[in-house]
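Enquirer: Could you have a look at this structure, given as structure tokens, before my questions?
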Amino acid sequence: MDPEGLKDELICAVCLQVYQDPVILPCQHSFCLKCIERVWVHTAGPGRFECPQCRCRFDPRPSLKRNFTLCDIVEKYNHSQPPAGHVMCDYCDSNPNPAVKTCLKCEISLCSLHLKPHLQNKAFSGHTLIEPVSDLTDRQCPDHKDPLIFYCKDDAKCVCVSCAIIGKHKSHTLLSLNEAQAAIKEELETEIKKLQEVQQNCSSKQRGLERSETEVKNSKQLLSRVTESQKVTDPDVPEFTLNLSNIFQLIQERLNGCEKYHSDILEIIMPASTKYRGPLDIMPPPHSPSGTALRIAAGISRRTGISQGKSSLSLDPKTANCNLVLSDDLRSVTWTERKQFSLLYPKRFKHYPQVLCSQSFSSGSHSWDVETDGNECGIGIACGTVEREGRNSFLGNSNKSWCLYCGFSYLKAWHNSQFTDLPLFPSKPRIRVQLDYEAGTLSFYRVTDSVRYLHTFQTTFTEPVFPAFYCGRKCLKLLN
């Protein structure tokens, strides 16, 4: 068996890499152990688990058995790959020695003996030395063919001296490669600390759930004894029946009435600023503080060609997935691993942590800003008739929704089960969404000190569309 010929069969459908610790599901599809566990943590509901490849559902959670046959093939494939060769010194004539450094200026690799002039001679003091590499093509500027020695913080890319002096990066913020490496390392260490805190929090919650599970089993035993006691009657005492058979139904009805009452009160007392009235109606007087903020946003829009119309939005609780918590002003949404009590509205998303806004658009040009933590979130729009459960309810997985997904290691534009990979940007972005209904365009921009274009969907809208959000972790917040 030729392992190299089976490389396509050794790719995990989740991470798109060669399997690591492959396990097999009852549907005979295999995945990396960590990949399938990560998918189920974020997508599986209680008592329901799904294969990411064929969407076959399992109840209860199936055991993850190691695929020993696939493990052997992967091991043979890994052993068949040639080891990374040493980079040899370009100055050694015969019996060349391994290089210890590569000079970006001279474009040569040097052994410890031939490296001494670069370390001792002042004529080489301006030369940049790096770890040995055999190919310097990816270390050269594609425009000027000079070595890349700076990092452009604005465009998040490495540039050469010519780019920094006469090129398109001359007015940008530039860092040395060492400075950029230190800054990125610090950011990664900060993210690692946050993840460790999340892990500790999850472990604590898991222990709490285990204690709660034990308490529930004791409660079930007590309820069973109470139910049995109902069957015993005393002829000398007036009959008294404690009917617990429909107690949960009565509690549910009472809670439903309380939630409806709370919803009606919110409709009455909700500030006018949280209710959509249209772009022209919400524009404040020119001298008010909020008017200043809106004019600044409009100014940014004017320079970038974005419509000046701003849309005041609020999230619709009747569409929110049970793992989402909305803020009191209906402007922020946070994911939680504990399902929230909620009524069974037909418009509620069942399988994915998604929510729509209460407002819809069927004409005109509108824009809104969203602040995210850049961690497993989606921003877009959806038709009112988009499915609320099943695979096609996932934003971007049908022709009725369009979505931009942001994560630590990806940025994707998704529509009708097709996606486009986009360049990544730093975490905690502010995203601006621009909708032109008649033109059939939905555009996304990254907003910092300037506005940077990301992507545009081009289509023909045939029904009203609602701003839509996917919140896989932490929170999303509407800013305008």
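Enquirer: Need one word for the range 137-180: rounded, prolate or oblate. Basis is the Cα gyration tensor (sqrt eigenvalues a ≥ b ≥ c); a/c below 1.5 gives rounded, then a/b vs b/c decides.
Expert: oblate
Enquirer: How big is D, in µm² s⁻¹, for the range 98-225 by Stokes-Einstein at 4 °C and 1.567 mPa s if Rh is the Kirkwood radius over C-alpha pairs?
Expert: Using the Kirkwood radius from Cα pairs, D works out to 67 µm²/s.
Enquirer: Rank these residues by their accessible area, most exposed first, probe 1.4 Å: His86, His351, His114.
Expert: His86, His114, His351
Enquirer: Could you pull out every residue, at least 5 positions away or on a different chain, whose amide H is within less than 5 Å of the one on His455? Hs are placed 1.01 Å off N in the peptide plane, and Pro or chain starts have none.
Expert: Phe444
Enquirer: Let me check against my output: what whole-number percent is the relative contact order of the range 362-480, with C-alpha pairs under 8 Å and at least 6 apart?
Expert: Computed value for the range 362-480: 36 percent relative contact order.
Enquirer: Sticking with this one: Enumerate the amide H contacts of Val355 below 5 Å, restricted to partners 5 or more residues apart or on another chain; note that Pro and chain-start residues carry no placed amide H.
Expert: Phe469
Enquirer: For the range 355-365, what does the Karplus curve 6.51 cos²θ - 1.76 cosθ + 1.60, with θ = phi - 60°, yield as ³J(HN,Hα) per residue in whole Hz, taken in order and with x for Gly and Pro?
Expert: Once rounded to whole Hz, the list reads 8, 10, 7, 6, 8, 10, 10, 10, 5, x, 10.
Enquirer: Can you sort Arg432, Arg66 by solvent-accessible area, 1.4 Å probe, largest first?
Expert: On the way: Arg432 0, Arg66 125 Å².
From most exposed to least exposed: Arg66, Arg432.
Enquirer: Among 393-406, 182-195, how do they line up from the highest to the lowest mean number of other beta-carbon atoms within 10 Å? Please list the in-between numbers first.
Expert: Values: 393-406: 22.6, 182-195: 11.4.
Output ranking for 393-406, 182-195: 393-406, 182-195.
Enquirer: Order His172, His366, most accessible first, counting only protein heavy atoms with a 1.4 angstrom probe.
Expert: I get His172, His366, largest accessible area first.
The values are calculated or read from the model by the stated rules, or taken from the named source; none is laboratory data. Just so we're clear, the structure is a prediction, and the values are computed from it rather than from any experiment. For neighbour counting, all protein chains shown are included, and Cβ atoms are generated from backbone atoms with ideal geometry for every residue, glycine included. Side chains included, ligands, DNA and RNA excluded: accessible areas come from the protein's heavy atoms. Shrake-Rupley method; radii C 1.70, N 1.55, O 1.52, S 1.80 Å.
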